[in-house]
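Q: The structure is given below, and queries will be raised subsequently.
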Amino acid sequence: MGKYRDEIEHFIYEICYQPIWAAISEYVSQHLSLLDLTYSRVKYPDSAYVEDMLLEFTKNIRIDEDTLSFDAVVSCTMNLTEDNYRGTASCDLSQWFLVSCEAVIEDKLKALNITNVQQYTPGLRTQSDGQPVSKNIVPILYKKDLEAEASAFLEKYCPEALETPMPVPIAEIAKTMGLEVVEGHRITDDFSIFGEIYFSPGRAEVYDLFQCSMQEIDVRRGTILIDAYTYWERNLGCVKNTIAHEVYHWHKHRMYAAIRYILYGKDYVACRCPSNMVYPDKDAEWTDEQRMEWQANSIAPRILMPLRPFQMKVDELYKKYDYQNTPLKIAVLTCIADDLAKFYGVSRQSALIRMMETGYKEAASVYNYDSDSPFHNYVSQSDAFYAYCTDSEFRKLVDSGLFRYVTGYFVIDDEQFVSKDENGTYALTDYAWSHLSECTLQFSWQTVRPSPTEKRFPNVILHRANDDRKVSKYDAGQNSSVIKMSEELRQKREEFERQNAIRQIATPKKTCWELIFEILQARGMSKSHFCSVTGLGEEVYRKAQKNIDTRPNMRTIIAIARGLDLDIGMTEKLMQLAGHAFDESDEHQALRFCITGFPGGTIEDANEFLESYDFKPLGTQERC
């Protein structure tokens, strides 16, 4: 831009300067009485003309299709003259004006209209319609605006898609907008670009499909090229997303390209759709092209899957698959994502991202599980237990209480990452879903094979499979930062809030039954409620109530701890008072995992887990 501060200033000086000068000159000559003459020696001018004009700044810059509107605030030096009895008097006067302009621009300037001229009053706001843009003619769009922006697009081109779930006919919308989609060419020789749009007519360089030689083809203004690789090697969902991406570029960014074509006199192929777009860090400076790519990338899936109808479709599928009641959450979420991808004609990944954006945070489980990364955060319960049994370092970390196993994730046990509802059910917070790599443990994959000589859980861990199986493997080195964060958070807070009140009750002089009953009293738990959540009989409650001079057995303590959702520290305290301790046997590890692996879980959850590994369930079958 050279001597100009921004593109709008460049455009005004190169294209609009003379028309603005003429409009101000006409205004001044016709409104002499309205000029501010406070500091002028000529109080009753008979004439005035503009000697010089300087653009101070612009405001209210907006675009609406092919119309660019803006207010130019200019300072003018005017010469005033007055005829009186002494002759002719004259003086120079400086005055600021606000000039409202509308430029209609396609591949060239079609029209320039000055809609209003007035003296500039600081702080005075004028209303204008259209999309607000920066002084470089880039639309101003924030994350909070994305859903409304996509809805506004559909309201104009496909309003029925905002009323009911339907595949958005993006190719037909492109035709309605006067765009032409051209297929069958390679845009680059390395498949780095999915698509691109031409904002001015010219010749496009493409590659031959088979010989990789470059050639030129004629393209008209509004041509969208889709790379053949997008069809062959990607999927139809990528094609639809690419078309939506380029269509939005045409809808909101063609003015940016047109201005450059006018100012610099060269064709502008704007807004390619790269296969791997990299954005700057949060505090780094963004280029105009990066901002426009972010906008198109963010809006395209919202056009294809509009907010409210998409939520209606997801709710329909949740009901169809009975998601709330199924124990196979990951499998069902995968089916839902596949159904959404098929219905909307997008990729499963795109459907999962859209689910997470629209409030279905649990979709992150499948999205993370499907990742191409060698590491994953989601870990199944069976894999978690396998790691717990076979990796002493991981078992020590889980038993430390720094992490909770919640909906398939070992997440830092802190209120910013984990919440608990009135029913005692734990869930990841919205912040945690958005920052899984920051607050959850990561695992790699390992292949295991059942061995006849294996003494620890032979075939049980592998569910009696005879073939090799991939299971999650804990990697301490990969998790050093998240472990450090969890330790720092623990240092900054008291012991877990719910458990802290209970620990204050415990003193070395209490018996195990006495401590159990004090916990029940602190919880305000009735006998019937106690029996319901622990699966134990009334006689157990009476023993605690009367502090019978006996010691409960270990499985009774585990049933109580699981039913009352005690942590491992309090559980081991009760066991110590009763003269018990966990050993390294398979059954004891499973019983300990019933406490550490089911935060917020029920006695039924624990029993289902125990029975799946051929251990007896907890509850009334046990003698206390």
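FYI, it's all coordinate maths here, none of it is from the lab. Source: prediction; values computed, not measured. Note that we place each Cβ from the backbone using ideal geometry, even for glycine, and neighbour counts take in every protein chain shown.
Q: Find how much the distance from Tyr318 to Gln349 grows on full extension, using 0.36 nm per residue of separation minus their present alpha carbon separation; answer in nm with one decimal. Spell out each step's value before the answer.
A: Working: separation 31, 0.36 × 31 = 11.16 nm, distance 1.80 nm.
Here the answer is 9.4 nm.
Q: Taking the Cα-to-Cβ direction at Gln478 and at Glu183 and moving 7 Å from each Cα, how far apart do the two end points lie in nm?
A: Distance between label points: 3.9 nm.
Q: Here's something else I'd like to know. Per-residue counts of other Cβ atoms within 10 Å, averaged by peptide: what ranking do you get for 108-120, 550-562, highest first?
A: Going from most to least packed, we get 550-562, 108-120.
Q: Here's a follow-up. How big, in percent, is the set of alpha carbon pairs in the stretch 4-48 lying more than 17 Å apart? Display every interim value, and only then the final one.
A: Working: 497 of 990 pairs.
Percent of Cα pairs beyond 17 Å in the stretch 4-48: 50.
Q: To continue, here is another question. For Glu415 and Lys144 in one chain, what is 0.36 nm times their gap in residues minus the Cα-Cα distance, to one decimal in nm?
A: Values: separation 271, 0.36 × 271 = 97.56 nm, distance 2.52 nm.
Net length gain for the segment: 95.0 nm.
Q: So, one more: Mind jotting down the three principal axis lengths of the stretch 7-132 based on Cα atoms? Whole angstrom, largest first.
A: Principal axes ranked by extent give 57, 29, 21 Å for the Cα atoms.
Q: Give the residue list of GluC sites (Glu not before Pro) in the stretch 547-624 that are DSSP loop and have at most 13 other beta-carbon atoms within 10 angstrom.
A: Listed in order of number, the matching sites are Glu584.
Q: Follow-up question, since we're still on this one. How about the stretch 11-86: which trypsin sites (Lys or Arg not before Pro) there lie in a loop by DSSP and see at most 16 other Cβ atoms within 10 Å?
A: Passing sites in the stretch 11-86 are Arg41, Lys43, Arg86.
Q: Sticking with this structure for a sec: Could you give the alpha-carbon Rg of the stretch 501-612 over 2.2 N^0.38 Å, rounded to two decimals?
A: Against the empirical 2.2 N^0.38 Å value, I get 0.99 for the stretch 501-612.
Q: Ordered by residue, what ³J(HN,Hα) values in Hz, to whole numbers, does the stretch 518-534 give under the Karplus form 6.51 cos²θ - 1.76 cosθ + 1.60, where θ = phi - 60° and Gly and Pro are x?
A: Here the 3J(HN,Hα) series is 5, 5, 4, 5, 4, 7, x, 9, 7, 4, 5, 5, 4, 5, 5, 7, 9 Hz.
Q: Further question on the same structure: Measure off 7 Å from each Cα along the Cα-to-Cβ vector at Arg308 and Glu539, then give the distance between these two points in nanometres to one decimal.
A: Those two pseudo-labels are separated by 6.2 nm.
Q: I need the peptides 540-548, 595-603 ranked by packing, meaning the mean over residues of other C-beta atoms within 10 angstrom, with the highest value on top.
A: Going by the mean number of other Cβ atoms within 10 Å, highest first, we get 595-603, 540-548.
Q: Would you kindly derive the ³J(HN,Hα) couplings of the stretch 215-225 from the backbone phi angles with the Karplus curve 6.51 cos²θ - 1.76 cosθ + 1.60 (θ = phi - 60°), listing them in order in whole Hz, with x for Gly and Pro?
A: 9, 10, 10, 7, 10, 9, 4, x, 8, 10, 9
Q: Tabulate in residue order the Karplus-calculated ³J(HN,Hα) for the stretch 351-360, using 6.51 cos²θ - 1.76 cosθ + 1.60 with θ = phi - 60°, rounded to whole Hz; enter x for Gly and Pro.
A: Here the 3J(HN,Hα) series is 5, 5, 4, 5, 4, 5, 5, 9, x, 9 Hz.
Q: Let me ask something additional. In nanometres, what is the gap between the two model label sites at Ala284 and Tyr431, each 7 Å from Cα along Cα-to-Cβ?
A: Here the answer is 2.6 nm between the modelled labels.
Q: Something else now. Send over the Kirkwood Rh of the stretch 307-369, from the inverse of the averaged 1/r over different Cα pairs, rounded to one decimal Å.
A: 11.3
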